[in-house]
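The values are calculated or read from the model by the stated rules, or taken from the named source; none is laboratory data. It should be emphasised that the depicted structure is a prediction, and the values quoted were computed from it without experimental measurement. All Cβ positions, glycine included, derive from the backbone under ideal geometry; neighbour counts span all protein chains shown. Heads up: the accessible areas ignore ligands, DNA and RNA and are worked out on the full protein's heavy atoms, side chains in. Shrake-Rupley method; radii C 1.70, N 1.55, O 1.52, S 1.80 Å.
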Amino acid sequence: QVQLVESGGGLVQPGGSLKLSCEVSGTIFSRETMGWYRQAPGKQRELVARIGTAGTTDYADSVKGRFTISRDNAKNTVYLQMNSLKPEDTAVYYCNAPLSVIGQPVRILFPSWGQGTQVTVFS
């Protein structure tokens, strides 16, 4: 069974930075496209960044130029470096393996989500 363990969230002021990590077990990580999702209160979960097995990346327009997704296959871990954070980035962040692209309804490979990590950007 695949397990996803997200970490690295916290409280930060606008303009600040955080780096999220997601450790994946129970699958051959290097063969999976991975993505970072977020869910703000009262909103649907959305895919904000994805990285392919060869390292190609894609971002939602709302985070492009501020967030960077990366992966370390030796550590079975996917990262999300978040810079220039804004209050609207406040959400619980999750990782999973996307079956859909950014902007489409969320479809995921791994049926169980991790616990997520809370990111709060406050003035």
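Highlighted here are the strands (runs of 3 or more DSSP E) found entirely within region 1-72 that include at least 1 residues which are surrounded by fewer than 17 Cβ atoms within 10 Å (Cβ to Cβ) and over 13 Å from the mean Cα position of the chain (by Cα): 3-7, 10-12, 18-25, 67-72.
Results for (1) under 22 Å from Val121 (Cβ atoms); (2) without any contact (Cβ under 8 Å) to a residue 60 or more places away in the chain, shown as yes or no for each residue.
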| position | (1), (2) |
| --- | --- |
| Gln3 | no, no |
| Leu20 | yes, no |
| Glu23 | no, yes |
| Ala40 | yes, yes |
| Ile51 | no, yes |
| Ala60 | yes, yes |
| Tyr94 | yes, no |
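Within region 36-53, the set of residues being within 12 Å of Thr90 (Cα to Cα) and hydrophobic (A, V, I, L, M, F, W, C) comprises Ala40 only. Taking residues in region 98-122 that are closer than 17 Å to Glu88 by Cα and of a type in the set (Phe, Trp, Tyr), and partners anywhere that are at pLDDT 95 or above and open to solvent by 80 Å² or more (accessible area, probe 1.4 Å), the pairs with Cβ atoms closer than 9 Å and at least 6 places apart or on different chains are Phe122/Leu11; Phe122/Gln13. Among the residues of region 73-92, those that are in a loop (DSSP other than H, G, I, E, B) and either without any contact (Cβ under 8 Å) to a residue 12 or more places away in the chain or open to solvent by 30 Å² or more (accessible area, probe 1.4 Å) (or both) comprise Asn76, Asn83, Ser84, Lys86, Thr90. Kindly indicate whether Gln118 is open to solvent by 30 Å² or more (accessible area, probe 1.4 Å) and either assigned to a loop (DSSP other than H, G, I, E, B) or at pLDDT below 95 (or both). No, not satisfied.
All conditions but one from (1) modelled with pLDDT of 95 or more; (2) touching a Lys or Arg at 6+ places or on another chain (Cβ under 8 Å); (3) part of a loop (DSSP other than H, G, I, E, B) apply to Ser100; the one that does not is (1).
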